[in-house]
Every structure is written in structure tokens, then in C-alpha cells.
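Colleague: Dumping the structure here so I can ask a few things about it.
The values are calculated or read from the model by the stated rules, or taken from the named source; none is laboratory data. In this text the structure is predicted, and so the values were computed from the model without any measurement. We place every Cβ from the backbone using ideal geometry, glycine too, and count neighbours over all the protein chains shown. Quick note on the areas: whole protein, heavy atoms, side chains included, nothing else; ligands and nucleic acids left out. Shrake-Rupley method; radii C 1.70, N 1.55, O 1.52, S 1.80 Å.
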Amino acid sequence: MLPQVQAWLRNRMSSAADWPVDRLLAAKGDTTVSVVLPARNERATVGEIVATIRRDLVERAPLVDEILVIDSRSVDDTAEVAAAAGARVVAQDAVLAELPPLSGKGEALWKSLHAARGDVLVFVDADLRNFSSSFVSGLLGPLLTDPSAEYVKACYDRPLNTGGVSVAGGGGRVTELVARPLINMHWPLLAGFVQPLGGEYAGRRALLERVPFVTGYGVELGLLIDVLETAGLDAMAQVDLGTREHSHQSSEALGGMAGQIMQTAWSRLDRQGRIVPLEPPSTVLTQFRRDGDGHQVRIRDVSVGERPPMAEVRAYSDSAA
Ligand SMILES: O=c1ccn([C@@H]2O[C@H](COP(=O)(O)OP(=O)(O)O[C@H]3O[C@H](CO)[C@@H](O)[C@H](O)[C@H]3O)[C@@H](O)[C@H]2O)c(=O)[nH]1
Ligand SMILES: O=C(O)[C@H](O)COP(=O)(O)O
């Protein structure tokens with residue numbers, strides 16, 4: 001590990017318990033906070049997460065100004081459940097509807113930048129099974145108390161819960177098999193992030209509007225690399241939130257996620273002038289699924305799109321008006 005990363009871990013690592021809500025309320029001042037939950041078919045969990053934030057961080061202590069659920073083309077009643085629990089719900093495709101729609105989680109988050117009102121945005125996945133409001137207050141700690149902190153990423157232990165069995169440390173399979181090796185190979189300054197793909201992080205709008213957002217599951221890796229490039233490692237912090245449990249995807253679906261992570265890494269290496277390819281990598285991922293006739297080929301498109309910094313869109317809309 002690079003000495004700069006060791007120093008960063010000493011200076012920029014904290015725990016949720018270091019950030020009691022009273023201290024944050026005293027530091028908040030005029031800063032407005034939006035909590036954003038991207039949600040696609042999360043009716044089972046989104047209501048409780050929204051209700052917990054509302055109870056602990058809106059009603060008991062006015063730390064959060066807005067709870068925004070971006071409904072990412074759910075086919076269940078995620079939107080209704082979230083609204084009943086007290087969230088403002090916005091459909092992903094209704095935001096900047098004049099643009100051709102792109103898809104996936106990164107698109108939902110990019111659209112949330114336009115829909116949310118806060119100076120600080122806290123992103124929380126809507127499929128968490130052991131959510132606590134300290135996830136939000138922990139992430140807000142560095143941002144509300146230290147003007148030099150611009151982007152805060154959570155870390156946690158990640159059990160793998162399948163078939164009623166919980167394996168400690170077994171979760172985060174794409175992280176361990178794909179993202180961490182890639183990060184260590186190409187961006188060793190980011191090697192101190194324990195959970196680079198985790199869905200819980202927070203940032204200042206002023207920074208988030210200056211970086212592109214990769215669509216799909218490339219968004220977390222893209223943001224880490226681009227925030228590092230734009231703001232530097234010392235503007236980034238990490239907060240330990242304890243343990244995170246979520247609903248796991250199949251290995252096959254995670255193969256698609258891994259493909260998007262690699263596409264994102266490739267696009268950043270290309271932009272940084274670090275590869276001179278004869279041609280871009282294929283965006284087709286071939287996988288196999290066994291049925292009664294043997295292994296059947298399943299083709300997955302792992303291409304990722306990219307949205308420009310929101311500030312550029314605002315400048316364009318303002319000049320068109
Ligand atoms: O098209 C989509 C897909 C997902 N989601 C939501 O995004 C969150 C995370 O998605 P999920 O499919 O549960 O991802 P994970 O398998 O948990 O993937 C991990 O790794 C991804 C890649 O870095 C991150 O985007 C995730 O936040 C992180 O939890 C959930 O609230 C989803 O409902 C959307 O809003 N739109
Ligand atoms: O972050 C990851 O690596 C993916 O979300 C997969 O996580 P899981 O192995 O806990 O399902």
C-alpha cells in the first residue's frame with residue numbers, strides 16, 4: 001500500500017459512532033441534506049428505510065431535509081410504498097424527460113442530482129435489510145464538520161446470506177474478484193477504500209455536478225476514479241458503518257455487473273491516455289446456463305453509457321432559455 005494511502009487511512013477514516021446526531025445538528029448550519037434512494041422493485045425494503053430516516057433524522061432531529069426515492073422503472077409498487085412511508089418519489093424517466101433515456105442505477109443517481117434539492121446528497125441503496133439511521137448520520141459526519149471533505153464513502157462487513165446460512169465476509173463478490181484487483185492495478189491511491197462498490201456514499205452537490213456519471217453498475221467505480229481526479233484523495237473520506245446486509249444477485253447477474261465494472265475501468269484508462277488499443281473491448285459477455293440439453297449460451301450486453309457533468313446540462317438549459 002502506498003504511504004499516501006496509509007496516511008489517508010489514519011486521517012480520513014472514522015466510524016459512525018464518531019458522529020453523534022447532536023454534534024451534526026450543531027454543525028449543520030444552513031447546509032441542506034437530501035437522502036436519495038435509487039429503487040427498482042424494492043417494495044420489501046424501501047418503506048422501512050424511508051420510515052426509519054423520517055423518524056430518526058427528520059422528526060426526532062432535523063438533520064435531513066429531503067428523502068427522495070428515484071423509482072427506476074419498478075414494475076411493483078415500490079413508488080407507492082415509498083410515498084406512503086414519507087418519501088418524495090420521482091420516476092427516473094420523468095426527470096430531464098427531453099433526453100433519450102438511459103438505464104440502470106447510475107442513470108437513476110444522475111437524474112437524482114437534477115431532482116434533489118440538497119447541498120449535500122447521501123445515497124443509500126433501497127435493498128438494505130439491516131438499515132440504521134446511523135448509516136446516514138455516519139456519512140454526513142465528515143461533510144458537515146469539515147469543509148475540506150467533499151466525498152464520503154461507507155465501509156462495512158458484508159456477510160453472504162444464502163439459503164438461511166450467513167457466511168461472514170462472504171459478500172461483495174464482484175468487489176473482491178474484480179473491482180479490488182483492478183483498483184490496486186491501476187488506481188493504487190484508491191486502494192484504501194474497503195468497499196469501493198458499496199452503494200452508500202455522500203458528496204457535496206458542488207462536486208457531484210462536476211463529474212460524469214456512468215450508467216448501470218459502473219457508477220460507483222466511475223465516481224471514485226473521477227472524484228479522485230477532480231478533487232484529490234484528501235477531499236475523500238471513509239466511514240465504517242458496521243455491517244451491511246442486502247439482497248444478493250445471482251452469480252450470472254453479478255457477471256453482468258463485473259462486465260460493467262471492467263468497461264468503466266477501461267473507459268477511464270482510455271480517457272487518462274493509459275492504453276492505446278487498436279479497438280475498444282467487446283461489450284458482449286458470453287455466459288452459460290445449463291438446461292436439459294446442456295449448456296445454453298446467454299449473451300449479455302455489458303456496455304455502459306455516460307452522462308456529462310450536470311453543470312454542463314444546466315449551462316446548456318440556461319442558455320437555451
Ligand atoms: O436499474 C437499476 C438497478 C438497481 N437499482 C437500485 O440500486 C440499488 C443497488 O442495486 P443492486 O442491484 O441491489 O446492486 P448490488 O447487487 O447490491 O450491487 C452493489 O454493487 C453495485 C456496483 O458498484 C452498486 O451499484 C450497488 O450499490 C452495490 O450494492 C438498489 O436500491 C436497486 O433497487 C436502480 O435504481 N436501478
Ligand atoms: O459489491 C459487490 O461485490 C456485489 O454487490 C456483490 O455483492 P454480494 O456478493 O454481497 O451479493
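Colleague: Has the stretch 213-224 got any residue that is closer than 24 Å to Gly29 by Cβ, within 16 Å of ligand 2 (Cβ to nearest atom) and either touching a residue at least 24 places away in the same chain (Cβ under 8 Å) or open to solvent by less than 10 Å² (accessible area, probe 1.4 Å) (or both)?
Modeller: Residues of the stretch 213-224 that are closer than 24 Å to Gly29 by Cβ, as a first pass: none.
No, the conditions are met nowhere in the stretch 213-224.
Colleague: Here are the criteria: (1) under 17 Å from the mean Cα position of the chain (by Cα); (2) touching a residue at least 60 places away in the same chain (Cβ under 8 Å). Tell me which single one Asp234 does not satisfy.
Modeller: Condition not satisfied by Asp234: (1).
Colleague: Right, another one. Within the stretch 118-144, restricting attention to residues that are away from ligand 2 (no atom under 16 Å from the Cβ) and not in a helix (DSSP H, G or I), which residue is surrounded by the fewest Cβ atoms within 10 Å (Cβ to Cβ)?
Modeller: Among those residues, the one meeting the criterion is Asp119.
Colleague: Applying the selection to the stretch 122-177, what residues are among the acidic types (Asp, Glu) and within 16 Å of ligand 1 (Cβ to nearest atom)?
Modeller: Of the residues in the stretch 122-177, the ones among the acidic types (Asp, Glu) are 125, 127, 146, 150, 157, 176.
Once the filter is applied, which keeps residues that are among the acidic types (Asp, Glu) and within 16 Å of ligand 1 (Cβ to nearest atom), the stretch 122-177 yields Asp125, Asp127, Asp157, Glu176.
Colleague: Another one. Starting from the stretch 192-205, keep only residues that are open to solvent by less than 10 Å² (accessible area, probe 1.4 Å), then list their pairs with residues that are more than 8 Å from ligand 2 (Cβ to nearest atom) and assigned to a loop (DSSP other than H, G, I, E, B) whose Cβ atoms are within a distance under 6 Å, requiring at least 6 positions of separation or different chains.
Modeller: Gly199/Asp125; Glu200/Val124
Colleague: Going through Thr264, Thr283 one at a time, which residue ends up being surrounded by 12 or more Cβ atoms within 10 Å (Cβ to Cβ) and at pLDDT 95 or above?
Modeller: Numbers: Thr283 fails: at pLDDT 95 or above.
Among Thr264, Thr283, only Thr264 is surrounded by 12 or more Cβ atoms within 10 Å (Cβ to Cβ) and at pLDDT 95 or above.
Colleague: Do the conditions hold for Val239, that is, is it in contact (Cβ under 8 Å) with a residue 12 or more places away in the chain, of a type in the set (A, V, I, L, M, F, W, C) and within 15 Å of ligand 1 (Cβ to nearest atom)? Lay out the reasoning, then the answer.
Modeller: Details: in contact (Cβ under 8 Å) with a residue 12 or more places away in the chain: yes; of a type in the set (A, V, I, L, M, F, W, C): yes; within 15 Å of ligand 1 (Cβ to nearest atom): no.
When the stated conditions are applied, Val239 does not pass them.
To keep it simple, each residue is scored yes or no on (1) within 16 Å of ligand 2 (Cβ to nearest atom); (2) at pLDDT 95 or above; (3) of a type in the set (Asp, Glu).
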{"position": "Leu228", "(1), (2), (3)": "no, yes, no"}
{"position": "Leu233", "(1), (2), (3)": "no, yes, no"}
{"position": "Met236", "(1), (2), (3)": "no, yes, no"}
{"position": "Ser250", "(1), (2), (3)": "yes, no, no"}
{"position": "Gly256", "(1), (2), (3)": "yes, yes, no"}
{"position": "Arg307", "(1), (2), (3)": "no, no, no"}
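Colleague: Scan the stretch 230-257 residue by residue and report those that are open to solvent by 10 Å² or more (accessible area, probe 1.4 Å), part of a helix (DSSP H, G or I) and of a type in the set (A, V, I, L, M, F, W, C).
Modeller: Passing the criteria: Ala231, Leu233, Ala253, Leu254, Met257.
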